[in-house]
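Working notes for the structure below.
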Amino acid sequence: MRGLAAVPSYVVMQPTTLCNLDCAYCYLPFRAADRRMPVPVAEAVAASVNPWAAAGRFSVVWHGGEPLAAGREHLAALIAPFGPGVEHHVQTNATLIDDAWCAFFVEHGVRVSVSVDGPRERNGDRVTRGGGPAYDRILRGVAALRRHGLPFSALAVVGRPGPGLATELYDYFLDLGCDVLGVNIEETEGVNLRDNSHDARQVTAFWAELVAAWRREPRIHLREVEWSLRYAAAVLDGSADDLLPRRLDPIPTVGHDGSVTVLSPELAGFTDVRYGDFSSGNVLATPLVEILAHADRTPWVGEFLAGVEACRASCPYFGFCGGGHAANRYFEQGRFDGTQTAHCRNSKIHLLEGVLEHARDHQSPAS
Ligand code: SF4
């Protein structure tokens, strides 16, 4: 795996910077402002994306702010330039979902992923702009999805991983009715400066318990556990070297104004005296396909690729991780060419160790 691929597997789009919630751990700098993406930005992105989608599976992920805060009419106008082969996804806090939004998802073939952190008492960080709890509103949105028979994914943020929590979480999501679950340990990035270092044994025990809960009833595609098991199986059959892509997926994020930030949506909207605004170009001036062809010349991207090589040379977990996320390095270390971060310890190293701990604890006596 060397350098960036010229064609991504998906594009992240920011239809508005606005979010109607004000979660305590949010990384977004402009979530109180409604800066909407003009339709020409979507048209410019679609001009590159439609040929990619014609050649194979391709997704557009509408991310925010809160993407539904852009309103149905505007979101429909942004979706319109994309061809029929493009799969659309929204990452939403679900608080605005009602019957009309469900009809919209059906009409436009939009797949929904809901951000919810588990049972009510685990959602203390999810608050409205007035500071009130958002949980009941989130659940109302989920109830609308279920009423309309719409399948949905869930994404949970865990602030304090440790034993005892994972089973509760997994059982909650079984009841909630999602078919895919991602679990993120809270990250220190963007405007969220909260410390994300945790005791290694606690985090490993959290992941080990999550694997055990999932194995008891594997009805949900549990993203992190499935990644780890796929890697462990590849190590055992000698094919682990084939798991990482030959080139890094650039995962372009197109900001509301058309600026393109590769690799980490979390960097979009930030500026730094050394790195400028992190963008690799703007789709209103340059086709996305051309921006991506030259994205590895963006100064910070070159520094990040040096960091990936440092990981490759030094970290036994590289084959699983592939070198981590640019935003975590930047927000934890102030630069891109470091190696281990608290994020990669929490979400890669201790995840894999948790899966192995579970496997050791459940070895059959004959083995
Ligand atoms: S686990 Fe951390 S140190 Fe290891 S390859 Fe990934 S980012 Fe680099």
Near the amide H of residue 115, under 5 Å away, which other amide H atoms are found, from residues 5 or more places off or on another chain, if H is placed in the peptide plane? 92, 93, 94, 155
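Using 1/(1 + (r/R0)^6) with R0 = 41 angstrom and r between the beta carbons of residue 297 and residue 111, what's the FRET efficiency to the nearest 0.05? Could the numbers behind the result be given before it?
Numbers: r = 34 Å, r/R0 = 0.83.
Between residue 297 and residue 111 the formula returns 0.75.
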For the pair residue 103 and residue 284, how long in nm is the line joining their label points, each one 7 Å along Cα→Cβ? 3.4 nm
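Grab the beta carbon distance between residue 174 and residue 194, set R0 = 35 Å, and tell me the FRET efficiency rounded to 0.05. Each step should come with its number before you reach the end.
On the way: r = 29 Å, r/R0 = 0.83.
Between residue 174 and residue 194 the formula returns 0.75.
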Between region 181-210 and region 212-287, how many Å separate their Cα centres? 18 Å
Once every DSSP H run of n ≥ 4 in the chain is given -39500 (n - 2.57) and the sum is divided by its residues, what mean residue ellipticity at 222 nm do you get, rounded to the nearest 500 deg cm²/dmol? -11500 deg cm²/dmol
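Compute the length gained on full extension between residue 314 and residue 80: take 0.36 nm times their separation in residues and subtract their Cα-Cα distance, giving the result in nm to one decimal. Provide the component values of the computation, followed by the final result.
Working: separation 234, 0.36 × 234 = 84.24 nm, distance 4.64 nm.
Once the chain is fully extended between residue 314 and residue 80, it gains 79.6 nm.
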Each residue of region 45-51 in order: what ³J(HN,Hα) in whole Hz does its phi give by Karplus 6.51 cos²θ - 1.76 cosθ + 1.60, θ = phi - 60°, with x for Gly and Pro? 5, 4, 4, 8, 6, 4, x
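Could you list 16, 188, 271 so that the one with the fewest beta carbons within 10 Å of its beta carbon is first and the one with the most is last?
Working: 16 25, 188 19, 271 11.
With the fewest neighbours first, 16, 188, 271 line up as 271, 188, 16.
Could you tell me what percent of the DSSP beta bridges with both partners in the chain are antiparallel, to the nearest 5?
Around 25 percent of the beta bridges assigned by DSSP in the chain are antiparallel ones.
Please give the length that would be gained between residue 243 and residue 274 if that part of the chain were fully extended, namely 0.36 nm times their separation in residues minus their C-alpha to C-alpha distance (nm, one decimal). Could the numbers behind the result be given before it?
On the way: separation 31, 0.36 × 31 = 11.16 nm, distance 3.41 nm.
Working it through step by step, the gained length comes to 7.7 nm.
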Would you mind calculating the gained length between residue 128 and residue 226 on full extension (0.36 nm times residue separation, minus the Cα-Cα distance), in nm to one decimal? 32.0 nm
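Would you kindly calculate the translational diffusion coefficient of region 91-181, applying Stokes-Einstein with the Kirkwood radius from alpha carbon pairs, for 20 °C and a viscosity of 1.002 mPa s, and quote it in µm² s⁻¹ without decimals? All intermediate terms of the calculation are to be shown ahead of the outcome.
Values: Rh = 13.6 Å.
Roughly 158 µm²/s, to the nearest whole number.
Every number here is computed from the coordinates shown, using simple stated rules; none is lab data. Note that the coordinates shown come from a computational prediction; the quantities given were computed from them, not determined experimentally. Counting neighbours? That spans all protein chains shown, and the Cβs are built from the backbone with ideal geometry, glycine included.
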